[in-house]
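The values are calculated or read from the model by the stated rules, or taken from the named source; none is laboratory data. Nothing here was measured: the structure is a model prediction, and the numbers come from that model. Every residue, glycine among them, receives a Cβ derived from its backbone with ideal geometry; neighbour counts consider all protein chains shown. Please note that ligands, DNA and RNA were not included when accessible areas were found on the heavy atoms of the full protein model with its side chains. Shrake-Rupley method; radii C 1.70, N 1.55, O 1.52, S 1.80 Å.
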Amino acid sequence: MTELSINNIRVLDIKYGTSVDGVGLRTSIYCAGCENHCVGCHNPQSWDENGGEPILVEELFDRVVDADMNVTFTGGDPMFHPEGFIKLAKMIKERTNKTIWCYTGYRFEDLLQHPVRRQLVELCDVIVDGKFVEKERDLSLHFKGSRNQRIIDVPKSLQGDVILLDC
């Protein structure tokens, strides 16, 4: 882990009061960097890991607290460079009662096999996993873009089988 990746997150945008990135009004942090390059991605400008601007994790935490809403990590893919998000998620979990959703193109089962990514998984309440698949696109779905993606209850799923939320 580099000093930059631990203390900063490259942020493309922060949306306050959004209702499309999880249940209720949320503060969504859009990070830079994604290796999936899904055909039909609604945010291809997020693929460049050098995009956006580096923001200190402590500043992001302050913004989350000031917004007083639950939080969503999205992008790009927060699991592409998870170190800064791990630090931010720990601060959120230790100092607030906010829930954390995380969007990722990686499969939940694969994240659990990666020691660093697993740390972030364990700090999330919900993970929306799987690559966007254009042939599976369905505009009637809530909180995901294609039918192959799953909305996972992380605490329950860490106890055994993957448990999906019905949203």
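Can you tell me which residues in the stretch 102-111 are assigned to a loop (DSSP other than H, G, I, E, B) and either modelled with pLDDT under 95 or among the aromatic types (Phe, Trp, Tyr) (or both)?
Of everything in the stretch 102-111, just one residue is assigned to a loop (DSSP other than H, G, I, E, B) and either modelled with pLDDT under 95 or among the aromatic types (Phe, Trp, Tyr) (or both), namely 106.
When you check residue 55 against the structure, is it open to solvent by less than 20 Å² (accessible area, probe 1.4 Å) and either charged (D, E, K, R) or within 14 Å of the chain's Cα centre (by Cα) (or both), yes or no?
On the way: open to solvent by less than 20 Å² (accessible area, probe 1.4 Å): yes; either charged (D, E, K, R) or within 14 Å of the chain's Cα centre (by Cα) (or both): no.
Criteria not met by residue 55.
If you go through the stretch 60-101, how many residues are more than 13 Å from residue 10 (Cα to Cα), among the charged types (D, E, K, R) and outside any helix (DSSP H, G or I)?
Adding up the residues that qualify gives 2.
Can you name the residue in the stretch 14-30 that is within 13 Å of the chain's Cα centre (by Cα) and among the charged types (D, E, K, R) and is also surrounded by the most Cβ atoms within 10 Å (Cβ to Cβ) among such residues?
The qualifying residue surrounded by the most Cβ atoms within 10 Å (Cβ to Cβ) is 26.
Which of the following residues is modelled with pLDDT under 95, under 15 Å from the mean Cα position of the chain (by Cα) and open to solvent by less than 60 Å² (accessible area, probe 1.4 Å): 33, 40?
Working: 40 fails: under 15 Å from the mean Cα position of the chain (by Cα).
None of the other options fit; the residue is 33.
Condition check ((1) within 25 Å of residue 64 (Cα to Cα); (2) acidic (Asp, Glu)) across all residues:
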site	(1), (2)
90	yes, no
96	yes, no
99	yes, no
107	no, no
113	no, no
116	yes, no
120	yes, no
125	yes, yes
148	no, no
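Here's a check for you: in the stretch 145-166, which residue that is without any contact (Cβ under 8 Å) to a residue 40 or more places away in the chain and under 16 Å from residue 34 (Cβ atoms) is most open to solvent (accessible area, probe 1.4 Å)?
Filtering first and then ranking leaves 149.
Just one of 79, 91, 69 is closer than 18 Å to residue 121 by Cα and open to solvent by 10 Å² or more (accessible area, probe 1.4 Å); which is it?
Values: 79 fails: open to solvent by 10 Å² or more (accessible area, probe 1.4 Å); 69 fails: closer than 18 Å to residue 121 by Cα.
None of the other options fit; the residue is 91.
Are any residues in the stretch 119-144 without any contact (Cβ under 8 Å) to a residue 24 or more places away in the chain and buried (at least 18 other Cβ atoms within 10 Å of the Cβ), and if so, which ones?
So in the stretch 119-144, the residues without any contact (Cβ under 8 Å) to a residue 24 or more places away in the chain come out as 135-136, 138-141, 144.
The answer is 144, and nothing else.
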